[in-house]
1. For the range 113-150, which residues satisfy the criterion of being outside any loop (DSSP other than H, G, I, E, B) and more than 25 Å from SER192 (Cα to Cα)?
2. Mind telling me which of the residues ALA104, ALA84, ALA67 ends up being modelled with pLDDT under 65 and either outside any helix (DSSP H, G or I) or surrounded by fewer than 16 Cβ atoms within 10 Å (Cβ to Cβ) (or both)?
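The values are calculated or read from the model by the stated rules, or taken from the named source; none is laboratory data. Quick caveat, the model's predicted, so the values are computed rather than measured. With ideal geometry, Cβ positions are generated from the backbone for all residues, glycine too; neighbour counts draw on all protein chains shown. Surface areas here come from the heavy atoms of the whole protein model, side chains and all, with no ligands, DNA or RNA. Shrake-Rupley method; radii C 1.70, N 1.55, O 1.52, S 1.80 Å.
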Amino acid sequence: VAVLVAVELFASRPGDLRPWQRLLVIANLVVVVLAVTVLPLVLAWRFGGVSFAVLFSLCVAGTLALAWRQQGRLAGTSSLLAAASFATAGLAAALWLGVPRIDAERSTLPFFEEVRPLLEGRRPASTIVDDRRFPLLQWYLDRPVRALAGRAEALTLLAGDESVAVFASAHGYARTLRKWAGVPHRSVPAPSGKETFVLLLNDSR
């Protein structure tokens with residue numbers, strides 16, 4: 001869409017533009033300048049590397065070059081085909097570079113790999129019982145997980161003599177940390193990836 005819009009804008013002569021059309025052109029140019037200058041830096045900072053940002057910059061530069069080449073004439077079949085091919089190749093390369101990094105940051109797998117050895121000899125339970133995260137928890141653990149009514153029942157389990165492993169919401173646990181502090185326990189957060197769960201253990205093993 002960006003390619004087609006740019007081609008048609010460059011194909012129109014500035015003198016033929018009405019005032020509101022001229023403002024639209026200026027707004028589009030501002031967006032393009034920001035995309036070329038600011039967004040690559042944000043991507044490089046967000047994903048911890050420059051490859052994705054450089055690729056994005058090349059895609060934008062290629063789009064503008066193609067649009068400039070078509071100035072003064074309407075886009076024909078060959079230019080549209082070239083634009084579509086360029087955009088498709090750029091998108092495929094961007095996904096190839098970006099998706100693994102995004103998956104690594106959004107995945108809960110690192111957490112479960114960290115806590116799985118700690119579950120030996122413990123009965124797992126969870127204060128998270130919604131229809132999205134609770135099935136995910138059971139799928140990763142591949143074992144039955146007791147559903148708890150809330151924090152009060154979890155504190156009762158942690159204060160008991162039985163070795164238990166209580167899964168709770170990482171955000172909720174951090175927000176209500178003082179209410180958990182009344183019962184001695186050890187918390188195990190996610191070492192990396194998405195911070196969805198936190199594991200609470202009632203002994204030091």
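1. Our first condition is that a residue be outside any loop (DSSP other than H, G, I, E, B); within the range 113-150, this holds for 113-119, 123-126, 133-141, 146-147.
Selection gives ARG146, ALA147.
2. On the way: ALA104 fails: modelled with pLDDT under 65; ALA67 fails: either outside any helix (DSSP H, G or I) or surrounded by fewer than 16 Cβ atoms within 10 Å (Cβ to Cβ) (or both).
Result: ALA84 is the single residue among ALA104, ALA84, ALA67 that is modelled with pLDDT under 65 and either outside any helix (DSSP H, G or I) or surrounded by fewer than 16 Cβ atoms within 10 Å (Cβ to Cβ) (or both).
Conditions tested, residue by residue: (1) open to solvent by 80 Å² or more (accessible area, probe 1.4 Å); (2) closer than 24 Å to LEU109 by Cα.
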{"position": "ASP142", "(1), (2)": "yes, yes"}
{"position": "ARG146", "(1), (2)": "yes, yes"}
{"position": "ALA159", "(1), (2)": "no, no"}
{"position": "VAL166", "(1), (2)": "no, yes"}
{"position": "SER169", "(1), (2)": "no, yes"}
{"position": "TRP180", "(1), (2)": "no, no"}
